[in-house]
Structure formats: structure tokens, C-alpha cells
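The values are calculated or read from the model by the stated rules, or taken from the named source; none is laboratory data. Model, not experiment: these values are computed from the prediction. Using ideal geometry, Cβ is built from the backbone for each residue, glycine included, and neighbour counts are taken over all protein chains shown. Ligands, DNA and RNA are excluded from the accessible area calculation, which covers all protein heavy atoms including side chains. Shrake-Rupley method; radii C 1.70, N 1.55, O 1.52, S 1.80 Å.
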Amino acid sequence: MQQAFYELADHLTSLMRGGEVYTCYFSGEVSDFVRFNKSAIRQPGRVTQRHLFIDLISGSRHASGTIGLSGDPAADKGRVADLAQKLRDAIPHLPEDPHLLYSTEVRSGERIQESTLPSPAEATDAILAAGRGRDLVGIYAAGGIFAGFANSFGQRNWYANHSFNFDWSFYHAGDKAVKCSYAGFAWDQKAFETKVAEAARQLEVLALPPKVIQPGKYRVYLTPNALYELLGTLCWSGFGLKDNKTRQSCFLKMIDGEARLHESVTILENTAKGVAPDFQAQGFIKPPHVALIEKGRYANSLASPRSAKEYGVPTNGASDIEMPESLDMQPGTIPAAEALSRLGTGVYVSNLWYLNYSDRPACRITGMTRFATLWVENGKIAAPLSVMRFDETTYRMLGEKLVGLTDRTEMILDAYTYESRSVGSGRVPGALIEDFTFTL
């Protein structure tokens, strides 16, 4: 794909007239998908797709469009020429864009991660063995994800990444199941078997009579998956420069110095250790990492080129939506193996869902527990709990009521496959929290 993209970029360069400038962004994937139900393969398949986004610029006016590519060089060059002409025809009718900003400094590069993935047969054999005697439901997605950038100044960038993500559950009955995920770049059978064994233990607990607890404040342990859901909600408006400047950020109190999180909370946009490309659609190169929250205090916003132009600050290579793509929450000091014993008596939350803000200025979030939420007594899992709703401010959860974070983070890949496999990822520890408020 890399060579074909570069040849299309050269072709597009040859089509430029007068003072025209272009930027273009390539995205593609070759992914295997296998859907499982009742511990059997229900739907295997492979998806190969390529798309090209072109922004044609003339002065401060520009027009953009996206086309699908076939992989046939002659046909794709014709599509590129057709799109370029349509954009050229549209530009005179468009207003000037005062916030248009694109890179004019040529910084070409490659970031290629060769595949160390197991074959589809090896992965599915391991998954089918894990589901033997149980009701396993899930989807395995794996393969190469590719991105490229080019412009008329001669910049060329390429990115290739090969990863897998197995998003799965052991189903018990009714609304009871244990949900897990296993993701990475190389299959570690021992690590997978450890996850399967832990899920099987929790599945046995789900068969016990559920314990009912009253709404109130409880000591809780949020697994890395549960905490990742929480952080994902904070990414909506939490870290973008536009949200900061228009006073819509959920972290306004922290930005204004009126609140802070726990000293142990440090959150990065860690492109160097993430799955997303290290360049973006206007040609700017992302730094290896950007500190978003440092030792409990707001540190930096993600500044897209448009926001950077509007507010007169340098861009740090963020995309237009100004949300983290490679979230990295630094670990704490609680040994992960001691999470239950440190919890003592309280609630073990393996997943959260339906999260949303109940009071954005206060950074208050509401949501539901999901799947295996368990009652723990004296460090031992004792009984399953029914689904509960929580409502808490982040300044309590990750601030004054945070007991600590585990000393190990877990690599989590976004399971989203809308239009294409997501390149979003996170490295997240578990969190032990005091006086966590359940309202229903």
C-alpha cells in the first residue's frame, strides 16, 4: 500500500495548477474478523479497504473530499483526478477560511511495525479451547492498519501497525456475564490463559444468589477496563484547546485552579507507546507524548491546527476532534496482585457503561455497572451484585477519595469497528476508591 499511495501522491502533485496546494491522508486496513457465539465460530471474514482524503487549497480557500481506492493504479489515478477537478471547481464558491493551517515544513518519515500476529487458525484454536464447556461470546479482530500523509511540498509519511483485539464474554444467564478483553501485538498464550482462568472464577461466582446492597457510599475497586471507560468519558471535552478556550471543558475547575486531582494522577497523550499514527491530516508531526494532567494538575490541552491558528498557540499535532488517541495513565504503588486484599470489603467493578455527564462543570459523571460486579468481603469475592447506577464527581473519584492506583497498567485497544478498526488505545491501571456513591 505504501508504494501505491506514494505514486498516487506524485500523480496528484502533477495535477496542481498555479498556486494550488494539496494535503492528502490515506487510511487502510487488512483485517480478519471472527465472531463467536456459544463457543463456536459463527462469522469469519476479511476486510481490505483503502480511502484517500484530499484537501485542495488555493490561498485561504479550500475544499476537501474522500474517495475509496480499488488498488488498481490506473483506476485510482482516474478517481484522484476526478476528485481534484471537483474540488477545484468548488473552491471559487467557498468563503475564505481564517483558521486554515497546514504544515509547510517538510518532515517525512516512516513508523512501521512488522506483524508478529498469530495466524487466524492459531488464534481461533486458542479461543475455542478457552470456550470449551462454557458459553463464550465475542469478536476477534486482527491485522494491519495503515496510514499515510502527503502534500504538494514533497512531505511523505507512512505508518503501519499490526495488532489484535479479542473482545469477549463468558455468558451465564439473564443479564449475567463476565466481560473481558485481550489485546496486543503478539499473542501470549500464558497471559491469555490467565485472563480465561480469572474470568472462569468470576463466572462461578455469578451462579451464586446475588447480594442486594442499598444505595450509598462504598469502597470500590475499578479494574483497568472500568477506569478506561471513565477516562473515555473525560476525553469528551476534557483535553481539547477549543473546549478549554470556549469554557466547555469538564475540567474548568481544574484549569481555573479551583480543584485538582490526587497527586498520583498523571495522564499523557503517549503517541510513542500507542497504536495511532504519529502524524495527522494537515501534516503536523505529533510529539512522543503530551502531559495532559501532571501530578493531579491540568498541564496541557490538545491543540489541533485550526484551534492553534484561532487562539494563536503552537499546535501539538492533535486531530480536529482534539481527543486523546493514545491515552496513558501512569501506574501507582498498589501491587495489582493485592487489589482484592487492599479492597477488603466493598465492590469489585469490572466494567462500566452508559456513562455521561450529569453535571459537566462539576465534572460529575453518571453511569451503570455492567457484567461481573462483585461483592468482596475481607479480600475474598463473596457474591454477585445486581446492576447499579453511580453518580460521582471526578474530583472525588480521582481526587480526595482515591486511595491509590495499581502498579501495573493494562494495554486496552478500542474495540470500535465503525467504518474501520479504531486506532485508539489506552494504558490504564486499576483504581481503589473510598466512599464511591451508588444512587440506585
For Lys86, counting only aspartates and glutamates whose alpha-carbon sits under 12 Å away and dropping same-chain residues fewer than eight positions off, the answer is Asp55
Rg/Rh ratio calculated on Cα atoms of the stretch 85-172 (Kirkwood radius)
1.26
Taking all pairs of distinct Cα atoms, average 1/r, flip it, and tell me the Kirkwood hydrodynamic radius of the chain in Å to one decimal place.
23.6
Per the helix-only model, the chain has a calculated mean residue ellipticity at 222 nm (DSSP H runs of ≥4, -39500 (n - 2.57) each, divided over all residues, rounded to the nearest 500) of -6500 deg cm²/dmol
What do you get for Rg/Rh of the stretch 288-370 when both radii come from the Cα atoms and Rh is the Kirkwood radius?
1.07
Which of Gln248, Gln202, Gln280 fluctuates most in a GNM of the chain (C-alpha springs under 10 Å)? That residue is Gln248
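Normalised by the residues of the chain, what does the relative contact order come to in percent, with Cα pairs under 8 Å and at least six apart?
Over the chain, the number comes to 16 percent.
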Cross-link list Lys38/Lys176; Lys242/Lys401; Lys242/Lys273: which exceed 23 angstrom alpha carbon to alpha carbon?
Lys242/Lys401; Lys242/Lys273
Which value, in Å² and to the nearest 10, is the accessible area of Arg364 when all protein chains are kept and the probe is 1.4 Å?
80
Just to confirm the number: angle between the C-alpha axis of helix 224-234 and the first principal axis of the chain, 0 to 90 degrees, nearest 10?
50
Heavy atoms of Ser58 accessible to a 1.4 Å probe, total area in Å² rounded to 10:
50
If the cut-off is 14 Å between C-alpha atoms, which aspartates and glutamates fall inside it for Lys77, apart from same-chain ones fewer than 8 positions away?
Glu7, Asp10
Using a Gaussian network for the chain with springs between C-alpha atoms less than 10 Å apart, which of these wobbles most: Tyr298, Tyr357, Tyr416?
Tyr416
In terms of solvent-accessible area of protein heavy atoms at a 1.4 angstrom probe, what is the ranking of Glu310, Glu29, Glu193, highest value first?
Glu193, Glu310, Glu29
Expressed in nanometres to one decimal, the distance between label points 7 Å along Cα→Cβ at Met16 and Gln85 is 2.1
All lysines inside 21 Å of Lys190 as judged from Cα atoms, apart from same-chain residues fewer than 8 positions distant:
Lys179
Can you give me the solvent accessible area of Lys245 with a 1.4 Å probe, rounded to the nearest 10 Å²?
110
What is the calculated FRET efficiency for Ile67 to Arg389, with r their C-beta to C-beta distance and R₀ = 30 Å, to the nearest 0.05?
0.10
